[in-house]
Amino acid sequence: MSRTIIVSNRLPTKAHRTEEGLHFTPSEGGLATGLGSIYRADGNIWVGWPGLEVEDPEEQHAVTEELRNDSMAPVFLSQEEIQNFYEGFSNETLWPTFHYFSQYAVYEQSYWEAYVSVNEKFCRAILALAGPEDTIWVHDYQLLLLPQMLRQARPDSSIGFFLHIPFPSHELIRVLPWSKQLLEGMLGADLIGFHTYGYMRHFLSSVAQIIGYPSQNGLIEAGQRSVLVDAFPMGIDYDKYAQVAESPEARESEELYREATGDARVILSIDRLDYTKGIAERLRAYEQMLQLYPEWRERVTLLMLVVPSRDQVEKYKELKVEVDELVGRINSQYRTISWTPIQYFYRSFPLEHLSGLYRLAEVALVTPMRDGMNLVAKEFVASKGDQAGVLILSERAGAARELSDAIIINPTDTRELAEAMHEALVMPEDEQRLRMSNMQALVSQYNVYQWVKLFMDRLAYIKIKQQTLATE
Ligand code: F6P
């Protein structure tokens with residue numbers, strides 16, 4: 001029977017070392033939460049890093065056994081690989097470049113060498129697990145070289161690749177000293193998927209400008225092979241979020257936060273700590289809203305959850321300091337004895353608590369400077385059973401291509417964002433419900449199951465097309 005081998009840098013489960021021994025929890029981030037709902041079917045396996053340095057062979061064995069029970073296979077990274085491949089090339093070179101923060105990018109040969117060798121390590125792990133008939137689906141920017149490596153070992157295998165972050169203009173890609181190798185790495189796949197047509201167009205023009213392969217209707221003639229490129233906006237497990245929002249646990253947690261926030265209206269913000277998410281810009285806009293509309297003082301609270309992420313990377317450490325300072329300054333300037341303008345939490349929350357917050361919030365702020373898709377926007381929509389609530393969404397999140405019933409803003413425009421918060425707080429309920437029900441119809445229809453199906457059907461199609469072209 002043919003299976004699907006899902007491959008991503010991070011597994012949907014994280015291992016932790018505690019005094020009582022190994023402990024396993026769900027990973028954060030769009031990919032893990034998005035695909036986590038579905039991969040367990042039909043003998044499928046998820047290959048990836050369990051998020052912890054494990055060098056002791058006995059401990060590696062224990063982690064492998066635990067994950068095997070849940071259809072996962074770990075790839076272990078050494079401390080040096082974590083520094084040079086994960087924190088280094090993936091998150092100090094590729095991440096800033098692909099999110100239009102090129103000024104943050106580090107170009108370091110030792111990072112590149114670690115990136116090549118960890119991609120090779122993943123390749124070996126997959127080849128040991130997958131038969132030639134299995135479909136291999138590689139995810140995201142940490143593994144751009146892997147499709148080509150797999151292709152060399154398995155010329156006929158069905159290989160898909162999906163990029164979960166933006167693909168920028170070729171002008172940014174060509175700045176990377178290794179741009180050609182990275183594009184060629186991706187072209188080892190039969191099908192390459194992006195969240196939006198914009199990212200797909202940027203990729204096609206990069207391939208044309210940097211490698212010289214032309215394309216027609218998304219089909220690239222890459223030497224002897226054809227590679228199909230298409231847009232597949234990722235969805236969420238809509239029913240899961242809608243159901244959890246109705247659970248007693250979610251209601252309980254809504255009540256708890258309601259007691260803490262009193263009569264104040266709640267604006268919600270949930271992100272991993274990342275400079276691409278526009279967290280500092282959002283705080284400045286909230287402050288401006290309190291200045292422009294003093295009537296909201298003591299009547300609104302910004303509930304801000306920031307999930308720790310990549311905290312060994314310099315830019316993330318700096319951002320943590322900036323956010324802490326901004327929150328401290330705004331709170332100390334505006335707070336009263338009975339009101340705190342910003343309730344700030346720096347940790348991750350279990351799903352039921354998040355769901356309680358989605359229920360409670362009247363407004364959600366999803367205002368990244370750049371974001372491949374942003375599933376938080378969709379989770380908020382799915383959790384609004386009563387259809388009241390307003391989403392404020394950045395025009396630079398992939399989700400804005402679909403959720404046009406949100407209030408769409410430019411996150412760099414502090415004044416526009418401040419005005420949007422006021423507009424959201426005074427929006428009539430009828431209008432809220434109309435906009436929300438339109439977004440719910442879309443998010444429930446193009447859910448994560450649909451996303452997987454569309455990608456897999458397209459992959460099967462291109463394989464058949466390649467065979468017909470070969471026999472012509
Ligand atoms: O969305 C991009 C992404 O890298 C995903 O692959 C991942 O789920 C998320 O960000 C979290 O990143 P990290 O694995 O570095 O914690």
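Just one of Leu375, Leu365, Leu393, Leu434 is over 23 Å from Arg251 (Cα atoms) and either under 23 Å from the mean Cα position of the chain (by Cα) or within 16 Å of the ligand (Cβ to nearest atom) (or both); which is it?
Leu393
In region 90-107, which residue that is of a type in the set (A, V, I, L, M) and under 21 Å from the mean Cα position of the chain (by Cα) is surrounded by the most Cβ atoms within 10 Å (Cβ to Cβ)?
Leu94
Does Arg225 meet the test of being of a type in the set (Lys, Arg) and modelled with pLDDT of 95 or more?
It is false that Arg225 is of a type in the set (Lys, Arg) and modelled with pLDDT of 95 or more.
In region 324-345, is there at least one residue being loosely packed, with under 14 Cβ neighbours inside 10 Å, within 15 Å of the ligand (Cβ to nearest atom) and modelled with pLDDT of 95 or more?
No, region 324-345 has no match at all.
With the requirement that a residue be on the phi < 0 side of the Ramachandran plot, touching a helix residue (DSSP H, G or I) at 6+ places or on another chain (Cβ under 7 Å) and touching a residue at least 40 places away in the same chain (Cβ under 8 Å), what does region 370-379 give you?
Within region 370-379, Arg370, Asp371, Gly372, Met373, Leu375, Lys378, Glu379 qualify.
Within region 380-415, track down each residue that is without any contact (Cβ under 8 Å) to a residue 12 or more places away in the chain and part of a helix (DSSP H, G or I).
Passing the criteria: only Ala400.
Could you run through region 187-207 and say how many residues are under 23 Å from Leu375 (Cβ atoms) and in a helix (DSSP H, G or I)?
Qualifying residue count for the region: 7.
I'd like the full set of residues that are touching a Lys or Arg at 6+ places or on another chain (Cβ under 7 Å) and within 13 Å of Phe24 (Cα to Cα), limited to region 50-94.
Pro50, Gly51, Leu52
Can you tell me which residue in region 270-308 is nearest to the ligand (Cβ to nearest atom), limited to those that are under 24 Å from Ser102 (Cβ atoms) and surrounded by fewer than 18 Cβ atoms within 10 Å (Cβ to Cβ)?
Checking each candidate, the answer is Ala280.
Going by the conditions given, is Val175 within 26 Å of Met373 (Cβ to Cβ) and crowded, with 20+ Cβ neighbours inside 10 Å?
no
What is the residue count in region 118-162 for residues that are under 21 Å from the mean Cα position of the chain (by Cα) and surrounded by fewer than 21 Cβ atoms within 10 Å (Cβ to Cβ)?
0
Quick check on region 226-277: of everything there that is among the hydrophobic types (A, V, I, L, M, F, W, C) and part of a strand (DSSP E or B), which residue is nearest to Val307 (Cα to Cα)?
Ile270
What pairs come up if the first residue lies in region 249-265 and is among the aromatic types (Phe, Trp, Tyr), the second is assigned to a helix (DSSP H, G or I), and their beta carbons are under 8 Å apart, counting only those six or more places apart or on different chains?
Tyr257/Gly356; Tyr257/Leu357; Tyr257/Leu360
Taking region 67-104 on its own, how many of its residues are free of Cβ contacts under 8 Å to residues at least 60 places away in the same chain and away from the ligand (no atom under 15 Å from the Cβ)?
Of the residues in region 67-104, 11 are free of Cβ contacts under 8 Å to residues at least 60 places away in the same chain and away from the ligand (no atom under 15 Å from the Cβ).
Looking at (1) within 18 Å of Glu314 (Cβ to Cβ); (2) hydroxyl-bearing (Ser, Thr, Tyr); (3) within 14 Å of the ligand (Cβ to nearest atom), find the lone condition where Tyr107 falls short.
Tallying (1) within 18 Å of Glu314 (Cβ to Cβ); (2) hydroxyl-bearing (Ser, Thr, Tyr); (3) within 14 Å of the ligand (Cβ to nearest atom), Tyr107 fails exactly one: (3).
What tally of residues in region 26-54 results from selecting those that are modelled with pLDDT of 90 or more and either charged (D, E, K, R) or part of a strand (DSSP E or B) (or both)?
So the answer is 6.
Here is a check on your reading of the model: is Glu87 within 17 Å of the chain's Cα centre (by Cα), farther than 27 Å from Lys378 by Cβ and not in a loop (DSSP other than H, G, I, E, B)?
Considered against the rule, which asks whether it is within 17 Å of the chain's Cα centre (by Cα), farther than 27 Å from Lys378 by Cβ and not in a loop (DSSP other than H, G, I, E, B), Glu87 comes out as yes.
Of the conditions (1) at pLDDT 95 or above; (2) surrounded by fewer than 16 Cβ atoms within 10 Å (Cβ to Cβ), Val313 fails just one. Which one is it?
(2)
Yes or no, residue by residue, for (1) aromatic (Phe, Trp, Tyr); (2) closer than 27 Å to Val448 by Cβ; (3) modelled with pLDDT under 95:
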{"position": "Asp230", "(1), (2), (3)": "no, yes, no"}
{"position": "Asp237", "(1), (2), (3)": "no, yes, yes"}
{"position": "Val244", "(1), (2), (3)": "no, yes, no"}
{"position": "Glu254", "(1), (2), (3)": "no, yes, no"}
{"position": "Glu259", "(1), (2), (3)": "no, no, yes"}
{"position": "Ile270", "(1), (2), (3)": "no, yes, no"}
{"position": "Leu273", "(1), (2), (3)": "no, yes, no"}
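For the condition surrounded by 17 or more Cβ atoms within 10 Å (Cβ to Cβ) and farther than 28 Å from Ser383 by Cα, what is the one hit in Ser215, Ser253? Spell out the reasoning first.
On the way: Ser253 fails: farther than 28 Å from Ser383 by Cα.
Result of the check over Ser215, Ser253: Ser215.
The values are calculated or read from the model by the stated rules, or taken from the named source; none is laboratory data. Note that this is a predicted model, so its numbers are computed, not measured. Positions of Cβ are backbone-derived with ideal geometry, glycine not excepted, and every protein chain shown enters the neighbour counts.
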